[in-house]
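Where a number appears in this text, it was derived from the coordinates with a stated rule and is not lab data. All of these numbers come straight from a predicted model, not from anything done at the bench. Ideal geometry is used to build each Cβ from the backbone, glycine not excepted, and the neighbour counts take in all protein chains shown.
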Amino acid sequence: MSDLSTGARPRTAPPHAWMILALACACQFMVILDASIVNVALPSIRGDLGFTGTGLAWVVNGYLLTFGGFMLLGGRAVDLWGPRRLLIAGLLLFSAASLAAGLATGAGVLVAARVVQGVGAAMLAPATLAVINTGFTEPAARARAFGAWSAAGGVGGMAGALAGGAMTTGLSWRWVFLINVPIGAVLIVLASLAPLAARAVPAASAARRGSLDVLGALTGTAGLAALIYGVMRSPEPGWLPVSAAGLLLLGVFVVVEARFTAAPIMPLRLFRIRSVAVGVGMLLVFGAIAIAMWYFSALFLQNVLGYSALGAGLGQTPAAVTFLLVARRAAVLLPRAGVRRLVLTGGGLFLAGFGWLAQADAGSGFLTGVLGPTLLVAAGIGLTFPTLMAAVTADVPEGDAGIIGGLAQTAHQAGGSLGLAVLATAAASGSQAGPAALATGYGLVFAIAAGLGAALALLGLLLPGRALYR
C-alpha cells in the first residue's frame with residue numbers, strides 16, 4: 001500500500017523521479033497534442049483524400065475508439081512488464097502510426113493509421129500514470145506531479161489548437177501527424193537511455209510476470225470498444241444492437257474477472273477501495289464536462305460567432321492558460337485543502353460557468369458571452385482533474401499502479417465519448433438552422449453540463465474523509 005494508507009513515514013521523491021516525471025509529461029503532451037491538433041485540419045483532409053461527410057468523422061473516432069477500448073489492456077501490461085517497457089513500445093507504435101498517417105494516400109490508410117495511433121496512446125497513458133504513482137508516494141510530491149502531468153496535457157491541447165491551424169494554412173495537413181515523428185524519436189531515445197528510470201519505477205516482480213489474462217482482455221476490450229463504437233454511431237440506424245452487445249460483453253468480462261481467472265486484467269478487489277470506486281465514477285462524469293467545454297465552446301465560436309478555425313483556437317487560449325495556472329495551484333492546495341473541498345469548488349465553478357455560457361446567443365460578444373464563462377469552467381477543470389487523478393490512485397498497491405492508471409484514463413475517455421454522443425444529440429436541436437437556432441442547441445448542452453458539474457460536487461462528498469481526502 002502507499003504511504004498514505006499504511007501510515008508509514010512518507011518517502012520524498014528522489015531527484016531522478018522528477019527526471020522520469022519530465023518524460024511522462026512529455027508523453028502526455030504528445031498524446032493530447034495529437035487529439036487536439038487534428039480537428040482544425042479536417043476540412044483540408046476531406047478535400048485531399050476524398051472522404052465522405054460521415055467517413056471523415058472516423059479520422060477522430062478511429063483514434064478515440066482504440067484509445068478508450070485498449071486502455072485496460074495497456075494498464076495491465078504495464079503491471080506485468082513494467083512502465084518503462086510500455087512507454088518505449090507505445091512511443092514506437094505511436095510514432096510509426098503518425099508517420100503512416102502523414103504519408104497516407106487514401107482515406108482507408110489514414111483511418112487505419114489513426115486506429116493504430118489509438119493503440120499506442122492506450123499503452124502510453126497508463127504507463128505515464130504508473131510512473132507518477134510509483135515514483136511519488138508522499139502526498140505533496142504526488143500532488144505536484146499530477147499537477148505537472150495535467151498541465152502538460154493542457155499545454156498539448158492549447159498547442160494543438162494553435163499549431164493545427166498554422167500548419168494546415170502554412171504547410172499541409174500532413175504535418176499535424178508528421179510533427180509527432182521527431183517528438184516521438186526524441187522521447188524514445190530518452191526513455192531508452194535513461195538508466196535512472198529503472199530505479200525510479202521498479203520493474204514488475206517475478207511473481208506477477210506470466211501470461212496475460214487473455215479471456216478477460218478479449219471480453220473487456222471488445223465490450224468497451226463495441227459500446228464506444230455504438231455510442232459514436234448513435235445518430236445512425238443499427239447503433240442500439242452494437243451498444244447492447246458491448247454491454248453484454250462487459251457483463252461477461254465482470255464474470256470472467258470474478259470467477260474464471262487467477263490473474264485478472266482488472267482485479268475487482270480494487271473497487272472495494274472507496275476512493276477507487278467513487279473516483280472512477282467521478283472521472284466518467286468529468287469526461288463529459290471536459291468535452292462540453294473544449295469541443296462545444298469551439299463549435300460555438302465557429303458556428304455561432306463566425307470565427308475561423310485558427311480564430312477559435314486563439315479564442316480558447318485564455319481558458320487553456322487559466323487551466324494550466326490553476327492545475328499547478330491545485331497541486332499546492334491538494335495536500336492542505338483535500339479532495340472534497342477542491343471538488344466542491346470545481347463543481348461550483350462548473351455550475352456558474354456553464355450556466356453563464358448557456359445564456360450566450362448569436363448576438364453575444366466574445367468578452368461578455370464567452371471569455372468570462374470559459375475562464376470559470378477552465379478554472380474548475382484545472383482544480384478537478386489533477387485532484388481526481390491523485391485521489392483515485394492514492395490508496396492503491398504499487399503493483400496495481402498500471403491497471404489503476406488504465407482504469408482512470410478509461411473512465412475519463414469513456415465519459416468523454418458517451419458525453420459527446422449525448423450532448424451532440426442535444427446540440428442537434430438547431431443543426432438545420434442558422435446561428436440563432438444553433439446557439440439554442442449549444443445552450444442546452446451547456447445547461448446539461450452545469451447539471452453534471454453539480455452532480456460531480458455531490459459525488460465528491462462520498463470520497464473518504466481522511467488524510468488527503470479531508
Order these peptides, 170-179, 116-125, by their mean beta-carbon neighbour count within 10 angstrom, highest first.
116-125, 170-179
Roughly speaking, what is the stretch gain from residue 368 to residue 310, that is 0.36 nm per residue apart minus the C-alpha to C-alpha distance, in nm to one decimal?
18.8 nm
Suppose R0 equals 25 Å; then what is the FRET efficiency for residue 268 and residue 239 from their Cβ-Cβ distance, rounded to the nearest 0.05?
0.30
Using modelled amide H (1.01 Å from N, peptide plane; none on Pro or chain starts), what sits under 5 Å from the amide H of residue 394, excluding residues fewer than 5 places away?
none
What FRET efficiency comes out for residue 254 versus residue 166 if R0 is 60 angstrom and r is the Cβ-Cβ distance? Round to the nearest 0.05.
0.80
Among 282, 30, 167, which comes first, second and so on when ranked by fewest other beta-carbon atoms within 10 Å?
167, 30, 282
Theoretical gain in end-to-end length, residue 462 to residue 214 [0.36 nm per residue, Cα-Cα removed]
85.9 nm
Just to check I understand the Karplus step: with θ = phi - 60° and J = 6.51 cos²θ - 1.76 cosθ + 1.60, what whole-Hz values come out for region 324-334, glycine and proline as x?
4, 5, 6, 4, 5, 5, 4, 4, 7, 6, 4
Between residue 325 and residue 99, what is 0.36 nm times their sequence separation minus the Cα-Cα distance? Round to one decimal in nm.
78.0 nm
